[in-house]
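The values are calculated or read from the model by the stated rules, or taken from the named source; none is laboratory data. Just so it is clear, the structure is predicted and the values come from calculations on it, not from any experiment. Backbone-built Cβ (ideal geometry, glycine too); neighbour counts: all protein chains shown. For the accessible areas, the whole protein counts, side chains as well, though only heavy atoms, and no ligand, DNA or RNA atoms are used. Shrake-Rupley method; radii C 1.70, N 1.55, O 1.52, S 1.80 Å.
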Amino acid sequence: MDKQALLKSLKLFRNVPDEQLRQLSGFLTAETHPDGKTIFEEGSSGDSLYFISGGHVRIAKKLRSADIVQVIHKELAVLAPGDCFGEMALIEQAVRSADAIAMGETVVFRLGRPDLERWLTANPSLAMGFFAQLVQVLSSRLRRSSNELTLLFDLSHLLLEPFGTPKQLLDRVMARFMRYLEGHWCAGAYVFNEFNDEMDLIDAEGDYYAVKDKLPIPIRPQGNAWADDSTYQVVFPGKKRIMGFIVFHRAEPLEEEEKNEFARTVTTTARLVTSALENIGYRTEEDLRVRLKAVRQAGGF
């Protein structure tokens, strides 16, 4: 993407005239990173803001085990072309709070803090608007991260309750999950029925019945996927076959960053639900074994 066109597409610079954007684009340095390359590392000093021109960037936090033998990354966000990252380096001289890792070959434009300060000094009338937009970007990301943490905490407590059937579980999970979604959403939960070898719709939220016949279901038989900018499918994998899936649909299309954040949140939630569905399956099988044993002991067959 052209430097000036990229800047013009960003919320940070939405009110900046073309001539000033042209000046700022002259300070940008292009960098190409191969798949898996760390662009900057948690704990390193930061003095630059990055704009993504091509590829994707994974923002992840290091979670160290008690014995510090293994380092696990907790994914915080997946950013796409048109997104920026590293903004805190422009506000304070502090170390990076997370890793930034290229996903696929990735092209970014780097803007150093000294260059930004020179540009703002030459255009003082733009400084207030720029930092106001920067605060909005940061507060928006903080709000979404806070909502995700609250949702996962809420669901983790819900899933401690005993559920006798997948329907009972997904009825409660779906109702709870939908509260956290912004916009006009609907959703349908499907569970595999071993008696007819089909996926049965067992719960619907919002106006899902009104739109479900227009959606390609399943979107991808064995995996998570976007059908379009409004419809996402997340699956519950099983040992022999998928145990079920949920299709989410929003009336308004999502932007690329929204899609990445939504997919990450839903995928994390699905892991919790998958464990709960497996536990229901284990308990059901154990109940059947106990009943069969009782019948045999009673001389039934």
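Criterion first (without any contact (Cβ under 8 Å) to a residue 12 or more places away in the chain, under 21 Å from the mean Cα position of the chain (by Cα) and more than 14 Å from ILE59 (Cα to Cα)) does SER125 satisfy it?
Considered against the rule, which asks whether it is without any contact (Cβ under 8 Å) to a residue 12 or more places away in the chain, under 21 Å from the mean Cα position of the chain (by Cα) and more than 14 Å from ILE59 (Cα to Cα), SER125 comes out as no.
Can you find a residue that is open to solvent by 40 Å² or more (accessible area, probe 1.4 Å), under 25 Å from LEU149 (Cβ atoms) and polar (S, T, N, Q) anywhere in the range 232-254? No, there is no match, as no residue in the range 232-254 is open to solvent by 40 Å² or more (accessible area, probe 1.4 Å), under 25 Å from LEU149 (Cβ atoms) and polar (S, T, N, Q).
When you look at ALA80, is it at pLDDT below 85, closer than 28 Å to ASN15 by Cα and surrounded by 11 or more Cβ atoms within 10 Å (Cβ to Cβ), yes or no?
In short, yes.
What single numbered condition from (1) crowded, with 16+ Cβ neighbours inside 10 Å; (2) at pLDDT below 85; (3) in a helix (DSSP H, G or I) fails to hold for GLY281? Looking at each condition in turn, GLY281 falls short on (1).
Scanning the range 152-162 turns up at least one residue that is assigned to a helix (DSSP H, G or I), of a type outside the set (Gly, Ala, Ser) and more than 19 Å from GLU261 (Cβ to Cβ). Against the conditions (1) of a type outside the set (Lys, Arg); (2) open to solvent by 60 Å² or more (accessible area, probe 1.4 Å); (3) farther than 16 Å from ALA270 by Cα, GLU257 satisfies every one except (2).
Looking at the range 1-112, what strands (runs of 3 or more DSSP E) fall wholly within it and have at least 2 residues that are aromatic (Phe, Trp, Tyr)? First the steps, then the outcome.
Numbers: elements: 29-33, 38-40, 48-64, 71-79, 99-112.
In the range 1-112, 48-64 are the strands (runs of 3 or more DSSP E) which contain 2 or more residues that are aromatic (Phe, Trp, Tyr).
When we screen GLU182, GLU148 for residues that are under 19 Å from the mean Cα position of the chain (by Cα), touching a residue at least 24 places away in the same chain (Cβ under 8 Å) and not in a strand (DSSP E or B), the only hit is GLU148.
In the range 191-219, the qualifying residues are those that are outside any loop (DSSP other than H, G, I, E, B) and among the charged types (D, E, K, R), and the one that is least open to solvent (accessible area, probe 1.4 Å) is ASP203.
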